[in-house]
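*Asks:* Dropping a structure here in structure tokens format, bear with me for questions.
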Amino acid sequence: MTPLPSPIARAAAAPPIIGRGITSALIGSSVLLGLLLIPDRDELQERFARDGNHHRALQLASDQEAQALAEKLRLAQEAAETVVVETPGQIVANTFANPARLATLNADPVARKNFVLALLATQDVEHDFELLKTHSAALSPEARDAILRGLGDSALSQSHPELAARVYSEFLKAHPDTDPSLVTEMVKSWRYSGQPAQALAFLENWLTARKKAGGAIPEELYLTQITLLREMNRPGQAFDALLLQLAREKARPAGISVETMKLSVQTAGFVDRTSELRPILAEWVNRMPLAQAPWDKVRDAKAGSALLENKGAFLTYGHMLAQWHEWGDEADAAYDLYLKLAVLGEPGAIERCEALYPGLFREEEYLNLLLAVVPVAGAETYTLQLAQNLAGAARYDEAEKWFHTWLTAHPDDGHTFAELGGMREEQAELEAALAAYQRALELLPQDLDIRKKTATVCIDLEKHEAALEGLNFPVLVIHQIK
């Protein structure tokens, strides 16, 4: 009888129960995982279609599914075929031919910008312009203006200003509501091409149509019209247009511009119609703060003062108005302006004051002007004139100072020493007068009048020998002089 194995031996020989359970679990899990990783039919179709294996995708589909999938694949293929790089010319042509792209062009500023860049890159403005005319009704005003400007810029960049002008003008005739700045571009193009008459004719027609339509007209276009009239040697019409422009600008808060007044003055002088402009110029100048301020306020105004804000315009047109006042026998009005102009440093204004003040009996104002402006650079004689006028006004101490200023710079001026002697004689300062006369006589020994004045003072001082020596005349003559 075979002995039974011991419990230990049986346990060692038996397969481990736990090990078999784990193995079974792993096998089961692997099968389940494999089932999860295998794609289903729909996913396989998507993968084959995405990878371009359209035949295998269709094999997996039922008849109904195959039909829908085939349509889907066809649309994807068409979309892939349309994603191509276009040349600038193709972009222009395809955009005009495609309503959807035109709609984008109308709505999207970025699309308009890119389209204009394509226009600039093409070299066929004539062809592109024909396309624009054909499709202009489908474009928004913004898109139309952008394209038109691009065509014009393209023509100008190719050195064809005449073509640019034709592009602008032909299009603007059909679309008077276009941005007025394009009219300016058109006019410039005609002028650059040497055809200002064409520019003027179109601009005048456009302005008339625009007014009838009630559209706004930028002032620059009126000024452009005036410039063209002047260039075409039609100054009379230019001045008529300027009078209208002056009236328009006068009505606005800012008033008449300096540029418009400059053109008006130039043109009025050319056609001898200054009398028509004169009241307009006078009103314009007299509204300036410098014209309204008292003379002493103008004299005392410091740099940076609001009073001096329009100084440049006042110097130019105030002087012009003063001249017109002179020519119109309005000397006092002219003098008022010249006084302010002179104290502001306007060349020539002091000279006009000097010429006018004696006849107007306005000596005191002229003296105050000299006190304000002397010394005058480049015109040092006003220093002497100030001394003389102060002496004439019996302001001797001030006069003495300015005489010394002059004589320090001109020590050989015998006549001024004689004047100084005369002023001192008027004050009964005989010794000082004699010193001045003697210096004058040293410088001008042949001047008989100075000799007589010297002798007279010597006699008044009872210096008879000095009088005789100075005159070198007989005693009888001395008595006659006395």
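The values are calculated or read from the model by the stated rules, or taken from the named source; none is laboratory data. What you see is a predicted model, and the numbers here were worked out from it, not measured in a lab. With ideal geometry, Cβ positions are generated from the backbone for all residues, glycine too; neighbour counts draw on all protein chains shown.
*Asks:* I want to confirm something. Restricting to the range 323-345 and keeping residues that are touching a Ser or Thr at 6+ places or on another chain (Cβ under 9 Å) and touching a residue at least 24 places away in the same chain (Cβ under 8 Å), which single residue is nearest to GLN292 (Cα to Cα)?
*Replies:* Filtering the range 323-345 for residues touching a Ser or Thr at 6+ places or on another chain (Cβ under 9 Å) gives 324, 327-328.
Pick out the ones that are also touching a residue at least 24 places away in the same chain (Cβ under 8 Å) and you get 324, 328.
Numbers: TRP324: 19, GLY328: 21 Å.
Here the residue is TRP324.
*Asks:* Next question, about the same structure. Looking only at the range 437-454, how many residues end up being closer than 18 Å to TRP402 by Cβ and over 60 Å from the mean Cα position of the chain (by Cα)? Break it down stepwise before answering.
*Replies:* Taking the range 437-454 and keeping what is closer than 18 Å to TRP402 by Cβ, we get 439-440.
Checking which are over 60 Å from the mean Cα position of the chain (by Cα) leaves us with 439.
Qualifying residue count, the range 437-454: 1.
*Asks:* Further question on the same structure: Among all residue pairs at least 6 apart or on different chains, which show Cβ distances below 7 Å where the first residue, located in the range 90-101, is surrounded by 17 or more Cβ atoms within 10 Å (Cβ to Cβ) and the second is outside any helix (DSSP H, G or I) and not small (Gly, Ala, Ser)?
*Replies:* VAL92/THR122
*Asks:* GLU126: closer than 24 Å to GLN195 by Cα, assigned to a helix (DSSP H, G or I) and in contact with a Ser or Thr (Cβ under 7 Å, 6 or more places away or on another chain), yes or no?
*Replies:* On the way: closer than 24 Å to GLN195 by Cα: yes; assigned to a helix (DSSP H, G or I): yes; in contact with a Ser or Thr (Cβ under 7 Å, 6 or more places away or on another chain): no.
No; evaluated as a whole, the condition is false for this residue.
*Asks:* Looking only at the range 134-143, decide whether some residue is over 17 Å from ALA97 (Cα atoms), in contact (Cβ under 8 Å) with a residue 24 or more places away in the chain and either out of contact with any His (no Cβ under 8 Å at 6 or more places or on another chain) or part of a helix (DSSP H, G or I) (or both).
*Replies:* yes
*Asks:* State the number of residues belonging to the range 199-258 that are free of Cβ contacts under 8 Å to residues at least 24 places away in the same chain and of a type in the set (Asp, Glu).
*Replies:* Within the range 199-258, residues that are free of Cβ contacts under 8 Å to residues at least 24 places away in the same chain and of a type in the set (Asp, Glu) number 2.
*Asks:* Would you pick out the residues in the range 344-362 that are under 14 Å from ALA334 (Cβ atoms) and in a loop (DSSP other than H, G, I, E, B)?
*Replies:* Initial filter on the range 344-362 (under 14 Å from ALA334 (Cβ atoms)): 346, 348-357, 359-360, 362.
Within the range 344-362, GLU346, GLY348, ARG362 meet the criteria.
*Asks:* In the range 220-262, what residues are among the acidic types (Asp, Glu) and modelled with pLDDT of 95 or more? Explain how you work it out, then say what you get.
*Replies:* Pass one, the range 220-262, residues among the acidic types (Asp, Glu): 220, 231, 240, 249, 259.
Across the range 220-262, the qualifying residue is only ASP240.
*Asks:* Could you say which residue among THR227, THR267, THR274 is surrounded by fewer than 21 Cβ atoms within 10 Å (Cβ to Cβ), closer than 18 Å to LEU200 by Cβ and of a type in the set (Ser, Thr, Tyr)? Spell out the reasoning first.
*Replies:* On the way: THR267 fails: surrounded by fewer than 21 Cβ atoms within 10 Å (Cβ to Cβ); THR274 fails: closer than 18 Å to LEU200 by Cβ.
On inspection, the qualifying residue turns out to be THR227.
*Asks:* Looking at LEU369, is it out of contact with any His (no Cβ under 8 Å at 6 or more places or on another chain) and touching a residue at least 24 places away in the same chain (Cβ under 8 Å)? It would help to see each step written out before you state the result.
*Replies:* Numbers: out of contact with any His (no Cβ under 8 Å at 6 or more places or on another chain): yes; touching a residue at least 24 places away in the same chain (Cβ under 8 Å): yes.
The answer is yes for LEU369.
*Asks:* Hey, could you check the range 294-330 for residues that are acidic (Asp, Glu) and surrounded by fewer than 17 Cβ atoms within 10 Å (Cβ to Cβ) and say which is nearest to the chain's Cα centre (by Cα)? First the steps, then the outcome.
*Replies:* Within the range 294-330, the first condition is being acidic (Asp, Glu), and the residues that meet it are 296, 300, 309, 326, 329-330.
Filter again for surrounded by fewer than 17 Cβ atoms within 10 Å (Cβ to Cβ), leaving 296, 300, 309, 329-330.
Details: ASP296: 33, ASP300: 31, GLU309: 17, ASP329: 38, GLU330: 36 Å.
Step by step, filter the range 294-330, then rank; the result is GLU309.
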